[in-house]
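Working notes for the structure below.
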Amino acid sequence: MITIQNLSIDLGTFSLRDINLTVAAGNYGVLMGKTGCGKTTVLEAICGLRSIKSGQIHLAGRDVTKLKPAERRVGFVPQEGALFTTMSVRRNIGFALSIRRWPKKAIQERIGFLAESIGITHLLDRKPEGLSGGERQRVALARALSFEPPILCLDEPLSALDDDTRAEMCRLLQSITKNTGVTTLHITHNREEAVRLANQIFLFDEGRIKEISHEQVIRPVGEMG
Amino acid sequence: MKSTQLSTPNHEYRVKTDIPFFTLFASLSSFYILFILMIIVAGLLKVEWNDFSIALRNPNIQYSIRLSMITCTITAVLSVIVSLPIGYLLSRFKVPGKILIDSILDIPIVLPPLVIGLSLLILFGLTVAGTDSDPFTVDDLFRIVSKKLFGRDAGIVFQIPAVVLAQFMVACAFAVRTMRATFDQISPRQEDVALTLGCNHSQAFWRVVLPQSFRGILTAGTLAWARALGEFGPILVFAGSVRMRTEVLPVSVFLELGIGNVKGALAISLIMVAAAIVVLVLVRFLGGKTFENYRRAP
């Protein structure tokens, strides 16, 4: 479960006030909103990458408000993937486990399992440079899931993909999140993507987050990004 | 654009030629490049092979070459070690008084070199204890430390460490600029991801950021090395120009000129030019190759 209570963040030029959001355990939440409204900032706050002014963040039953990013157990997939450019795909996926000092054999087994289920076994010994957009996102997803986090945060993971790859990635995200039971928060502009993936849809509008129905996404009332 | 369309409604729109633009830019560029080459060629025309062999056989010059290579290398390594954390902290974090710190770091670049030497001399001559007639200076402090550590009471001033320190003061400022630019160009997103994957800042730096800044480190080191090789003013004031002790190549040029040996001075100057070119090309080549390997990796 992801619970944000009365979150306030100062961003210098503007600030977010009293943000509230709850994604039920195992659900797939999608957060929509105009560019620059602060969606990514909220996601960063969940991951612990952005210092907050006030409020509380609970993840998987723990109050993580004061915890470091490393202690929050959130799998983070940023825009464009942000793969570690100097490492092979294999080392990218195994990174979190080598930090946790898993035995080498166990790391390789986990990498093999993830690569198999995400369909990137043939890419394991390549460097991120030269991978296609879809391949990068798959690797980033595998890396984020490697340490079996209960929470997954995706920042516009499909925005740079062509339609076919996007549809394929949507199917993958659906099956992976269902199989792992991970609670997901996914940021997107794309209505189709939102309706397709989400159990819960949130709209960031005028500094507030409100939950809306699938129908409201398809036939939006007022303006929406 | 609108007015152009209006003035030629029935004709094809034609763009003016690019020739004047490129002629101007190319001639200004080539003027400077030719000028650099000309000053080197002029030196080469004036000097004979014999002058090189005379210079290279001179024990003073041999010592000076050795000392230059050693001190420049130490300076380059020290500069990289110090500029790495400064560049990283300034690039990534909201450091209090950042503008002030930035300005302080520019001081060695904008200060006249001679003034840096003089300031170093004054700093190490400061009396920290004792009386006016029997002062105990900062340099004396180092004498005691070096006696304890190495069994020799060698101070800093007018000794080899002064050469390194004088070179370091200026070279490091350039290395800091380079490292800062290097880290500015590396997106912090990868570090963010590393933090969520279980790293603390230290692990994220050593495992994710440092491998990416390899080329920047190489550039900073080279720049510091080349800068140190040419350092003269502060060395003259702070380390002195004692033959077979603190004589580095620029000091040799100065000393040879002082005794009227223009050809000798020229030969040493060209040796410095050659050394600088070799290092620059070597690093470009090494850096470029590494980069190519990295790009070509399957």
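The values are calculated or read from the model by the stated rules, or taken from the named source; none is laboratory data. Since the structure is predicted, the reported quantities are computational estimates derived from the model, not experimental observations. Note that each Cβ is placed from the backbone with ideal geometry, even for glycine, and that neighbours are counted across all protein chains shown.
Examine the stretch A:147-161 for a residue that is part of a helix (DSSP H, G or I), under 25 Å from A:His58 (Cβ atoms) and touching a residue at least 40 places away in the same chain (Cβ under 8 Å), and state whether such a residue exists.
No, the conditions are met nowhere in the stretch A:147-161.
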Sole exception among (1) more than 10 Å from chain B (Cβ to nearest Cβ); (2) buried (at least 19 other Cβ atoms within 10 Å of the Cβ); (3) farther than 27 Å from A:Ser51 by Cα for A:Lys127, by number: (1)
Any hit, the stretch B:184-200, residues being more than 14 Å from chain A (Cβ to nearest Cβ) and part of a helix (DSSP H, G or I): yes
Residue in the stretch B:174-188 that is surrounded by 21 or more Cβ atoms within 10 Å (Cβ to Cβ), within 12 Å of the chain's Cα centre (by Cα) and of a type outside the set (A, V, I, L, M, F, W, C) present: yes
Failed condition for B:Phe158, given (1) closer than 24 Å to B:Ile70 by Cα; (2) without any contact (Cβ under 8 Å) to a residue 12 or more places away in the chain; (3) of a type in the set (A, V, I, L, M, F, W, C); (4) surrounded by 13 or more Cβ atoms within 10 Å (Cβ to Cβ): (2)
Selection count, the stretch A:60-92, where residues are closer than 27 Å to A:Ile120 by Cβ and away from chain B (no Cβ under 11 Å): 2
Residues of the stretch B:201-217 classified as within 23 Å of the chain's Cα centre (by Cα), more than 7 Å from every other protein chain (Cβ to nearest Cβ) and surrounded by fewer than 19 Cβ atoms within 10 Å (Cβ to Cβ), total: 3
One residue from B:Ile116, B:Ile109 being farther than 22 Å from B:Arg245 by Cα, at pLDDT 85 or above and away from chain A (no Cβ under 14 Å): B:Ile109
Residue in the stretch B:165-222 that is nearest to B:Val281 (Cα to Cα), counting only those that are in contact (Cβ under 8 Å) with a residue 60 or more places away in the chain and aromatic (Phe, Trp, Tyr): B:Phe214
Scan of the stretch A:4-62 for residues that are of a type in the set (Phe, Trp, Tyr) and assigned to a loop (DSSP other than H, G, I, E, B), ordered by number: A:Phe14
Unique match (being more than 14 Å from chain A (Cβ to nearest Cβ) and touching a strand residue (DSSP E or B) at 6+ places or on another chain (Cβ under 7 Å)) among B:Ala173, B:Ala129: B:Ala129
Breaking point among (1) assigned to a helix (DSSP H, G or I); (2) in contact with a Phe, Trp or Tyr (Cβ under 6 Å, 6 or more places away or on another chain), for A:Ser98: (2)
Residue that is touching a Leu at 6+ places or on another chain (Cβ under 8 Å), buried (at least 17 other Cβ atoms within 10 Å of the Cβ), small (Gly, Ala, Ser) and away from chain B (no Cβ under 14 Å), where the choices are A:Gly33, A:Gly48: A:Gly33
